[in-house]
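Structure first, then comments.
The values are calculated or read from the model by the stated rules, or taken from the named source; none is laboratory data. It should be emphasised that the depicted structure is a prediction, and the values quoted were computed from it without experimental measurement. Please note: Cβ atoms are built from the backbone with ideal geometry, for glycine as well, and neighbour counts cover all protein chains shown. Ligands, DNA and RNA are stripped out before the accessible areas are found, and what is left, the full protein with its side chains, is counted by its heavy atoms. Shrake-Rupley method; radii C 1.70, N 1.55, O 1.52, S 1.80 Å.
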Amino acid sequence: MTPRPDSLTVEVVDLIGTVVARYHEEYEHAAAEHSLTGTQARVLSLLAVGPQPMRKIANCLKCEPSNVTGIVDRLESRGLVERRPDPADRRVKLAAATDEGARTAEALRTSLHFAREPLGKLTIAERTLLKELLQRMLGGTTE
C-alpha cells in the first residue's frame, strides 16, 4: 500500500496544479490573439529557438510525428514556418521559424504576464531557488 502524502505535499501539489492551469489558460488566450492554437504556438516557440527535426518536435510535445506534420503544415501555410533539408542529413527535413514566425513567437512570449508578474515579486535569490527546486523536481541539474 502506498503511504498517503503529508498535508504539505498535498498543498504544494495543488498549488503547482493551479499554477500550471493558469499558465495554460493564459498561453491559450495569447495564442488565440495570434489566431493560433496553444499547440501551434508551442511549436512556433520551439522553432524560434532554432530549426528542429519533426521527430524532435514530436518528442517535445509527446505526440506522434504525423500530428506535428499537420501542425507544421498549418503554420507553413500562414508563412510562420518553413521546411528545410537538414545539412547533416539531407533525408531529414527541419522545420524552422520564418522571420514572421520568430516575431510572432516573441510577441507571444512578451504577452504572457501571468508568470512574469508574480515572479517579479520574488527576489533574485527566491527566483534562483525556485528554478533550482523545479529543476531538481524534474530530475535535471542545477547550473
- Dipole in debye (nearest 20) - the chain, about Cα centre, beta carbon charges: Lys, Arg +1; Asp, Glu -1: 460
- Task: Report the residue, chosen from Leu130, Leu94, Leu80, that carries the largest GNM mean-square fluctuation when the chain is represented by alpha-carbon nodes joined by springs under 10 Å.
- Result: Leu130
- Query: Binned at 10 Å from 0, what are the whole-percent values of the Cα-Cα distance distribution for the stretch 95-136, short to long?
  - Reply: 25, 32, 28, 15
- Task: Would you look at the GNM of the chain, springs on alpha carbons closer than 10 Å, and say which of Leu15, Leu44, Leu61 moves the most?
- Result: Leu15
- Message: Distance cut-off 30 Å, Cα to Cα: go down the list Lys62/Lys93; Lys56/Lys131; Lys93/Lys131 and report the pairs above it.
- Response: Lys93/Lys131
- Task: Starting from the stretch 39-121, pick out the trypsin sites (Lys or Arg not before Pro) whose DSSP state is loop and whose Cβ has at most 14 other Cβ atoms within 10 Å.
- Result: Lys62, Lys121
- Note on the structure: Asserting the computed 222 nm helical MRE of the chain (DSSP H runs at least 4 long, -39500 (n - 2.57) per run, divided by residue count, to nearest 500) equals -21500 deg cm²/dmol
- Whole-percent carbon and sulfur share, accessible surface of the chain, 1.4 Å: 57
- Query: Hey, of (i) 16.3; (ii) 15.9; (iii) 17.4, which did the structure itself give for Kirkwood radius over Cα pairs in Å when calculated?
  - Reply: (iii)
